1. Taking a point 7 angstrom from the Cα of Thr20 along the C-beta vector, which residues in the stretch 123-141 have backbone N less than 13 Å away?
2. So how do Tyr26, Tyr115 line up by other beta-carbon neighbours within 10 Å, fewest first?
3. Could you put Trp353, Trp254 in order, starting from the residue whose Cβ has the fewest other Cβ atoms within 10 Å?
4. Please find the FRET efficiency linking Leu248 to Ser332, where r is the Cβ-Cβ separation and R0 is fixed at 30 Å, and quote it to the nearest 0.05.
5. What does a probe at Asn191 reach in the stretch 259-275, counting residues whose amide N is under 17 Å from the point 7 Å along Cα→Cβ?
6. Roughly speaking, what is the centre-to-centre gap between the stretch 172-188 and the stretch 13-76 when only Cα atoms are used, to the nearest Å?
7. With the crude spin-label approximation of a point 7 Å out along Cα→Cβ, what separation in nm comes out for Lys53 versus Trp65?
8. Which of Ser271, Ser48, Ser350 ends up with the largest GNM mean-square fluctuation for the chain, with Cα atoms connected below 10 Å?
Amino acid sequence: MAAILRAMIGIDARLTYYRTGGISTYIVRLVEALERLDFAHDYTVFHSRKADKSLVTRFRRADLWTPCHHRLERIALSVELARFGLDILHSPDFIPPLRGARRHVITVHDLNFFYYPQYLTAESRRYYNGQIGTAVKQADHILADSEATKRDLINLLHVPADKITVHMLGVETIFTPQPPAEIARVRAALNLPPAYLLYVGTFEPRKNIAGLIEAYAQLPADAPPLVLAGNRGWLFEETMERIQRLKLDQRVVWRENIPQADLPALYSGASLLITPSFYEGFGLPALEAMACGTIPIVSNRGSLPEVVGDVGAQVNPDDPAAIAHAIEHALSDHTWRTEQRAAGLARAASFQWENTARIVLQVYESVS
């Protein structure tokens, strides 16, 4: 269908006030890329009224009262959006309002709550499991982060394939191999050893940090320390108890609230990045690590194989021994590491947010 000359497009960015990383990163980078790319349509980016920081420089900002994930969110948001007269509303956090525009586009990042409901809080299970079926039926089109998520939408929710468009995400330009001086600065600021293994992400059960710690316990005593970098999620205390039980207090360290500007050096200084998640909708840390010249070891499930391709190693997240073996091989085979570093840099270069935004824009125009 031909695109209309000028559409009123809304993007729901309220989640960025409540959470960082993951979906919030997707929203921020998508808005930035669309501002650089699209001058043909009129955009309104909806913020939480509590948000001081604005995501927009050129697009219009509008503040909303309705909080994210509230039990009456779909109704309240419909009321608030009625005055904007939108042609299209993009809901990047899965669930659209009952009626926010003439057409609705949603992004489904993953369906891990079907596969691993035990790894979500009761609140998250209620929000996503209880509404995702209605959301995918209501949506005029669905964006998915990976072919894996597209397959899940088709197989689990019986969504027609032609209603789904896959758009791989991008990597920010700040993620490049860092010079030794910058790596040393960040290492000193975070009090890190000269060599270390790295995990980046939220500390929560779905990320399989418990399995990573079990694997790390099987490594020789002279293996580099394991650095867990991210923010505490739910059941964080259980992770810490496991570290203490395995007597790894001196070999496993965690660092929280790391500035975004320090992440490239944190990746660049790591011997390996290890992401053994049970399920990921995409896996930005693996992509960011490759862009910094760091080799990823990832789970062989979800979208992670699509992100890393033939770079690094893929492991069964249920098998700590396999994770440990992959780490040992990567640390000992220097020729392999050199080859994989070059392959990772080349692969990461193909992931650009402008490409993501172009696909999103094509979807907007196709549903207009």
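1. Correct set: none at all.
2. Placing the least packed residue first, the sequence is Tyr115, Tyr26.
3. Trp254, Trp353
4. 0.90
5. Counting only backbone N, you get 259.
6. 30
7. 2.7
8. Greatest mean-square fluctuation among the candidates belongs to Ser350.
Read-outs: derived from the displayed coordinates by stated rules, not from any lab. Everything numeric here is computed off the predicted structure, so don't read it as measured data. Positions of Cβ are backbone-derived with ideal geometry, glycine not excepted, and every protein chain shown enters the neighbour counts.
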